[in-house]
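Trainee: Attaching a single structure in structure tokens format; questions to follow.
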RNA sequence: GAUUCGGUAGCUCAGCUGGUAGAGCAUCUCCCUUUUAAGGAGAGGGUCCUGGGUUCGAGCCCCAGCCGAAUCACCA
């Protein structure tokens, strides 16, 4: 509640605007005709008549006052443009208040204003708007961090005093977006990733659906869930960790293709690749298999890269990743042999354990054969796969929802696509043999007993559904956040989530009583008042007044000082 | 969870061996009609993350904690 000097100044400016009869928060619409970017791109000095009346709205982001004329910058959703305000243009009559007082004194950086005028080029050649009308649209009460930029000798943009503190950027994303325009760009691209995929899938006539987020049983992935409770039904519900089992029920129900962009929730560690809630798209298509699905993934992701970058090549950190089809394909055993020189395809659990130890792969007792193979792969191969690569044919133990391989014993028809050393999708020919599926669930229960707290639980209703018969189906899940990280060259998942999960902000919020609030608000308007006048204005009884003012001084929100004539109260 | 680094003005940061807290930008006052990190003159602004300790004296040293980042671990 402690206001900084600048915040007090802005509150005062707001009041003064009101006293001048200017509503700092007007309600009527403001008709914008142009955007900064469009004007800068299209204005031709030889044809100024094309832009002789433009109206823009946005935030004032800088101001250079030169006596009775000023330059300032307006930032709208498209970018920034400079505008020029001359006193005698916006105040053609005797009354120069709008320029001298409103523009120069009462407006601040960050205020939202509307400007009307004509476009011209300055002597230095910068396209600018010569303002003839100016309107206050919203007074901003908190000062923004000021980022300035210059162009160096090589023509590169240099930022000065950039707003970079990650904590503040994530906690106050709105400020981040105002001050760092590339952040808005990243999120636009994220949306483009999603829209491209959505259009791609819709064009194929697959049906976009919505399935429950609150689930009585969590399933479809190996992860710890968030748990909640429904009061009326008095039952435990889980936030979904995946939507796989529901989408497959819809395939049983008769759709040929269904997909869902879904927020999923996993109660696990956080890192630059993990946020407790994240987005996946899952797709299930009847009468297809995982080979078919690999082709679809290549085509779809290649299209995403093209839509965003106009090329299949994407710069990610130091690497250039080329999503052009076809991608490299390795079986998991081939990949391990390729990177370690060891053929583990025929090994049993004990031998795998020994191999893992030899390769310095950390293992523990709860790991079965499948998990061991996965660990060996994860440690030795995954990070080295920079260019998009399909890894196929996983051990059956770690894929309880995937169909057994048509001719390789002990494996399932599953693939992951890996790019930049990270998994970006996971897919399989879906297991549709209900007897086998029940047996796999039961193996999971065993693993759970062995100490694997991410083992899957048995879902009787799902089994009942596929007992009615689920056609041969190919299924896919793509992590939207990780794909967006690659496509936008972001180093952290927090950079592709508007509001990444953070620890709660530590804040000593002082809770005021009703009376205290009343007195404080009165005081806030004047910042300093004679005690008796304040008391009178508050209209409280002696006792209530005494309690309120003591409460405020105790919280250091008000300070009472004694002068020769009287007692004075000021904001603490 | 481990290790390392960090937290100082609204923002970005400096602060020597422990000796009265600094700069640029922002803010305020004044000058300035094509400037652009505008310029010139002046002013104000601090819980040095919090709590203990050492010391005549702590932004600095010690201990504990909070918050953040990077790397690793965990996490298909």
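The values are calculated or read from the model by the stated rules, or taken from the named source; none is laboratory data. Quantities reported herein were computed from a predicted structural model and do not represent experimental measurements. Cβ atoms come from the backbone with ideal geometry, glycine included; neighbour counts cover every protein chain shown.
Trainee: Residue A:450 - would you say it is away from RNA strand B (no atom under 12 Å from the Cβ) and either at pLDDT below 90 or more than 30 Å from the chain's Cα centre (by Cα) (or both)?
Mentor: Numbers: away from RNA strand B (no atom under 12 Å from the Cβ): yes; either at pLDDT below 90 or more than 30 Å from the chain's Cα centre (by Cα) (or both): yes.
Yes, satisfied.
Trainee: I've got another one for you. Strands (runs of 3 or more DSSP E) wholly in the range A:186-284 with at least 1 residues that are touching a residue at least 40 places away in the same chain (Cβ under 8 Å) and under 21 Å from the mean Cα position of the chain (by Cα) - which ones?
Mentor: On the way: elements: A:227-230, A:235-239, A:257-265.
Result: A:257-265.
Trainee: Looking at the range A:22-37, which of its residues are within 22 Å of residue A:125 (Cα to Cα) and crowded, with 16+ Cβ neighbours inside 10 Å? Don't jump to the end; show me each part of the working.
Mentor: Let us first name the residues in the range A:22-37 that are within 22 Å of residue A:125 (Cα to Cα), namely A:34-37.
Residues satisfying the conditions are A:34, A:35, A:36.
Trainee: Given the criteria closer than 21 Å to residue A:23 by Cα, within 37 Å of the chain's Cα centre (by Cα), in a strand (DSSP E or B) and within 14 Å of RNA strand B (Cβ to nearest atom), does residue A:119 qualify?
Mentor: On the way: closer than 21 Å to residue A:23 by Cα: no; within 37 Å of the chain's Cα centre (by Cα): yes; in a strand (DSSP E or B): yes; within 14 Å of RNA strand B (Cβ to nearest atom): yes.
So residue A:119 fails the test.
Trainee: Name the pairs whose Cβ atoms lie under 6 Å apart, with the first residue in the range A:65-76 and farther than 16 Å from residue A:110 by Cα, the second within 7 Å of RNA strand B (Cβ to nearest atom) and part of a strand (DSSP E or B), and 6 or more positions between them or separate chains?
Mentor: A:69/A:86
Trainee: A follow-up question, please. I need the helices (runs of 4 or more DSSP H) fully contained in the range A:400-493, keeping only those with at least 3 residues that are touching a strand residue (DSSP E or B) at 6+ places or on another chain (Cβ under 8 Å). Even if it seems obvious, please write down each step before you answer.
Mentor: Working: elements: A:434-449, A:460-467, A:480-487.
Qualifying helices (runs of 4 or more DSSP H): A:480-487.
Trainee: Just name the residue that is farthest from RNA strand B (Cβ to nearest atom) out of those in the range A:47-72 that are within 16 Å of residue A:122 (Cβ to Cβ) and out of contact with any helix residue (DSSP H, G or I) (no Cβ under 8 Å at 6 or more places or on another chain).
Mentor: A:48
Trainee: Take the residues of the range A:16-45 that are in a helix (DSSP H, G or I) and in contact with a helix residue (DSSP H, G or I) (Cβ under 7 Å, 6 or more places away or on another chain): which is farthest from residue A:76 (Cα to Cα)? Let's see the steps before the verdict.
Mentor: Filtering the range A:16-45 down to residues in a helix (DSSP H, G or I) leaves A:16-19, A:36-42.
Checking the rest, the ones that are also in contact with a helix residue (DSSP H, G or I) (Cβ under 7 Å, 6 or more places away or on another chain) come to A:16-17, A:39.
Numbers: A:16: 26, A:17: 23, A:39: 12 Å.
The qualifying residue farthest from residue A:76 (Cα to Cα) is A:16.
Trainee: Shifting gears a bit: Go through the range A:145-168 and give me each residue that's touching a residue at least 12 places away in the same chain (Cβ under 8 Å) and either part of a strand (DSSP E or B) or in contact with a helix residue (DSSP H, G or I) (Cβ under 6 Å, 6 or more places away or on another chain) (or both).
Mentor: Filtering the range A:145-168 down to residues touching a residue at least 12 places away in the same chain (Cβ under 8 Å) leaves A:145-148, A:159-163, A:166-167.
Hits for the range A:145-168 are A:145, A:147, A:148, A:159, A:160, A:163.
Trainee: Of all residues in the range A:64-88, which are buried (at least 17 other Cβ atoms within 10 Å of the Cβ), over 24 Å from residue A:41 (Cβ atoms) and touching a strand residue (DSSP E or B) at 6+ places or on another chain (Cβ under 6 Å)?
Mentor: Correct list: A:70 only.
Trainee: Continuing with this model, one more query. Looking at the structure I just gave you, is residue A:137 in contact with a strand residue (DSSP E or B) (Cβ under 6 Å, 6 or more places away or on another chain), part of a helix (DSSP H, G or I) and touching a residue at least 12 places away in the same chain (Cβ under 8 Å)?
Mentor: Working: in contact with a strand residue (DSSP E or B) (Cβ under 6 Å, 6 or more places away or on another chain): yes; part of a helix (DSSP H, G or I): no; touching a residue at least 12 places away in the same chain (Cβ under 8 Å): yes.
For residue A:137, the condition - in contact with a strand residue (DSSP E or B) (Cβ under 6 Å, 6 or more places away or on another chain), part of a helix (DSSP H, G or I) and touching a residue at least 12 places away in the same chain (Cβ under 8 Å) - is not met.
Trainee: Hey, another quick one. I'd like the residue in the range A:122-135 that is surrounded by fewer than 21 Cβ atoms within 10 Å (Cβ to Cβ) and within 11 Å of RNA strand B (Cβ to nearest atom) and, out of all such residues, is nearest to residue A:29 (Cα to Cα).
Mentor: My answer is A:130.
Trainee: I'd like to verify a number: residues in the range A:136-146 that are at pLDDT 85 or above and within 11 Å of RNA strand B (Cβ to nearest atom), how many? Talk me through it step by step, then tell me what you get.
Mentor: Quick first cut of the range A:136-146, residues at pLDDT 85 or above only: A:136-145.
Add one more test, that the residue is within 11 Å of RNA strand B (Cβ to nearest atom), and what stays is A:142-145.
Summing the residues that are at pLDDT 85 or above and within 11 Å of RNA strand B (Cβ to nearest atom) in the range A:136-146 gives 4.
Trainee: Take the residues of the range A:349-377 that are in contact (Cβ under 8 Å) with a residue 40 or more places away in the chain and assigned to a loop (DSSP other than H, G, I, E, B): which is nearest to RNA strand B (Cβ to nearest atom)?
Mentor: In this case the residue turns out to be A:366.
Trainee: Can you tell me how many residues in the range A:317-348 are in a loop (DSSP other than H, G, I, E, B) and over 22 Å from residue A:291 (Cβ atoms)? Let's see the steps before the verdict.
Mentor: Let us first name the residues in the range A:317-348 that are in a loop (DSSP other than H, G, I, E, B), namely A:317-318, A:323-327, A:341-348.
Filter once more, so that each one left must be over 22 Å from residue A:291 (Cβ atoms): A:317-318, A:341-344, A:346-348.
So the answer is 9.
Trainee: Pick from A:297, A:314: which is assigned to a strand (DSSP E or B) and surrounded by 16 or more Cβ atoms within 10 Å (Cβ to Cβ)?
Mentor: On the way: A:297 fails: assigned to a strand (DSSP E or B).
Just a single option satisfies the conditions, and that option is A:314.
Trainee: Based on what the data block shows, is residue A:159 surrounded by 11 or more Cβ atoms within 10 Å (Cβ to Cβ) and away from RNA strand B (no atom under 11 Å from the Cβ)? So that I can check it myself, show each step before the final result.
Mentor: Working: surrounded by 11 or more Cβ atoms within 10 Å (Cβ to Cβ): yes; away from RNA strand B (no atom under 11 Å from the Cβ): no.
It is false that residue A:159 is surrounded by 11 or more Cβ atoms within 10 Å (Cβ to Cβ) and away from RNA strand B (no atom under 11 Å from the Cβ).
Residues are listed down the side, and each one gets a yes or a no for (1) under 33 Å from the mean Cα position of the chain (by Cα); (2) over 15 Å from residue A:113 (Cβ atoms):
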{"position": "A:8", "(1), (2)": "yes, yes"}
{"position": "A:11", "(1), (2)": "yes, yes"}
{"position": "A:17", "(1), (2)": "no, no"}
{"position": "A:22", "(1), (2)": "no, no"}
{"position": "A:32", "(1), (2)": "yes, no"}
{"position": "A:40", "(1), (2)": "yes, yes"}
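Trainee: Residue A:451 is checked against (1) closer than 30 Å to residue A:488 by Cα; (2) surrounded by fewer than 15 Cβ atoms within 10 Å (Cβ to Cβ) and fails just one. What number does that condition carry?
Mentor: Among (1) closer than 30 Å to residue A:488 by Cα; (2) surrounded by fewer than 15 Cβ atoms within 10 Å (Cβ to Cβ), residue A:451 violates only (1).
Trainee: Tell me which residues, restricted to the range A:89-116, are crowded, with 20+ Cβ neighbours inside 10 Å and within 10 Å of RNA strand B (Cβ to nearest atom).
Mentor: A:106, A:107, A:110
Trainee: Filter the range A:83-118 down to the residues that are farther than 24 Å from residue A:12 by Cα and out of contact with any helix residue (DSSP H, G or I) (no Cβ under 9 Å at 6 or more places or on another chain) and list them by number. Don't jump to the end; show me each part of the working.
Mentor: Of the residues in the range A:83-118, the ones farther than 24 Å from residue A:12 by Cα are A:83-84, A:86, A:88-89, A:92-94, A:116-118.
Answer for the range A:83-118, where residues must be farther than 24 Å from residue A:12 by Cα and out of contact with any helix residue (DSSP H, G or I) (no Cβ under 9 Å at 6 or more places or on another chain): A:83, A:84, A:92, A:93, A:94, A:116.
Trainee: Looking at the range A:223-275, which of its residues are within 17 Å of residue A:424 (Cα to Cα) and surrounded by fewer than 16 Cβ atoms within 10 Å (Cβ to Cβ)?
Mentor: A:263, A:271, A:272, A:273, A:274 - these are the residues of the range A:223-275 that are within 17 Å of residue A:424 (Cα to Cα) and surrounded by fewer than 16 Cβ atoms within 10 Å (Cβ to Cβ).
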